[in-house]
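What follows is a single structure, written as structure tokens, with notes after it.
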């Protein structure tokens, strides 16, 4: 995996440089606060939470789609869990899976609409973002007549989804690691990973090659729905309540993390490792700012610039990857050993297997 | 080359109408194994529509398609693939940002067992792709991990053909394979086409280039405005006749007369 020679050509290299840069930047300006375990936990927690959404969203984006609906998917998952356990008093064992299922279901709906109508996923998931937000508000108010539902989280859920390690590191970090392994496994190790790259590269060609493009698209949207709902229920387990307006900021945060992580906006290129770096970069900037003593408003400026620089440098690194690879070869070295004059004879060397 | 044998594909009186406009009008063709059928015609003559019908992207409005004599609709790209019909597009129909070893196997990935899981066998994929490319004369490729986009146009075209041949295609449909290539690369691609033909594949070559067509073609069909204007075997027409047909006949003759007047020269020299 880590071949030094080809490392600079890997999609995650630029993302790694970005993370390293912001880490050194904040370690310098935020010294010594920035390296205390509390601050490290602070940005790791943010990264872990965002990572639960960013990783499956990265797969959607590598496949050439966007998912802007994650904010409402998160709220729907969280609210379902909170209403079932907190309001109706049913056990976690029902509420939590139901929350995950609702998020996954609306993800499925996204995928179904995108593949059936051939509309751009930008529009479909934007509609879902607003439509589902309205639905969550409406249903929550109708059933509970509030917009905030408290939950008595059971010990079992607290020790897995919610809760903190040493009172600082959220359990979400463990979920993030699992999510990273699963997503990387799918993309690198399974044949579905190949289909996802192909789908993002050229959908028509992928379909012509026999990839069930519609099915893959639907699965990927279900994945991001699941990821969003997973973060939703995790936050409920952590904070003991769910709000209808939760999660809206993750719509853009996830896109920033994925793009800074080196995924091509138009699809076909990217890596989960890069997205992990992108997520950490985002988290370091948004949390590191507090250890510098500067006004936290500056974090947004840095993130904005970073996004721009990331896209520019990604383009450069991608060009690097597309250019010549073997150092030995000169540009002039043409593939044919046998010279081919314009009036060549075709039949002679026709079957030189 | 017995003319009486059953063609692998026969297209019989196929028409394709898009919103009142007949992109294909009563076209019949025979595609034989071990032969190169050149599909000639100007832009908009219906060549693309015809190959999309063969590739399962379009369904004919009327007419039928037979495979080895049996009536057999090609209702999806998957159907086409199952029937051994493989279409290669102008730019190789591949994925520029994918590694060659990934792109080559899209939809047909080799797998190996890894504990309880079945995983994509990238090592094997890399070995196969390097071997197949080398066999096609692209000796520069020694690493299956290089991105498709780093290959030249001809190399991409060859990789797409290699892919089709490797997966046992019986019919190779090539859409303008040499249109974007230089002379040497075109020659290489044409040589690969001959290799495929000699292996017993049927090749349908769509091209604008009369020279390329005459170099490798065994049989020719000319489409004009969705209709088959002519259909002939190798040697039955002169280059001038073919060029005229492709350009719509009279128009080309007039243009040539005009040009001859302007430059004081005769018709452009032809090598055939």
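Some points to look at:
- Treating r as the C-beta distance of residue A:189 and residue A:148 and R0 as 60 Å, the FRET efficiency rounds to 0.90.
- Relative contact order of region A:147-253, pairs being alpha-carbon contacts under 8 Å that are 6 or more residues apart, as %: 43 percent
- Shielding score for A:217-226, defined as the mean number of other chain Cβ atoms within 10 Å: 0
- Take each residue in B:113-120, count the other chain C-beta atoms within 10 Å of its C-beta, and the mean is 3.
- Translational diffusion of chain B, µm² s⁻¹ [Kirkwood Rh, Cα pairs; Stokes-Einstein; 37 °C; 0.692 mPa s]: 165 µm²/s
- Percentage relative contact order, chain A, counting C-alpha pairs under 8 Å, at least six apart: 33 percent
- Pairwise label distance in nanometres, residue A:215 with residue B:254, each label 7 Å out on the Cα-Cβ vector: 5.6 nm
- Here residue B:82 and residue A:252 are evaluated by their C-beta separation; at R0 = 35 Å the FRET efficiency comes out at 0.20.
- Annotation: for a label point projected 7 angstrom from Cα along Cα→Cβ of residue B:18, residues of region B:200-231 with backbone N closer than 15 Å are B:225-227.
- Per-pair calculated FRET efficiency, R0 = 41 Å: residue A:94 and residue A:122 via Cβ, rounded to 0.05: 0.70
- Ordering of B:41-50, A:224-233 by burial proxy (mean other Cβ atoms within 10 Å per residue, highest first): A:224-233, B:41-50
- Remark: mean inter-chain Cβ contacts per residue of B:178-184 equal 2, using a 10 Å Cβ-Cβ cutoff to other protein chain atoms.
- In chain A, helices alone account for a calculated mean residue ellipticity at 222 nm of -22000 deg cm²/dmol, with every DSSP H run of four or more residues adding -39,500 (n - 2.57).
- Looking at chain B alone, DSSP beta bridges between its own residues are antiparallel in about 55 percent of cases.
- Antiparallel %, DSSP beta bridges [both residues in the protein assembly as shown], to 5: 60 percent
- Kirkwood hydrodynamic radius over Cα pairs of the protein assembly as shown, then Stokes diffusion coefficient at 25 °C and 0.890 mPa s, in µm²/s: 89 µm²/s
- Ranked list, fewest to most other Cβ atoms within 10 Å of each Cβ, for A:147, A:273, A:136: A:147, A:273, A:136
- Counting every pair of alpha carbons in region A:45-270, the share spaced more than 32 Å apart comes to 17 percent.
Read-outs throughout are calculated quantities, based only on the coordinates presented, and are distinct from any laboratory measurement. These figures come from a predicted structure and were not determined experimentally. Cβ coordinates were reconstructed from backbone atoms using ideal geometry, including for glycine residues, and neighbour counts include every protein chain displayed.
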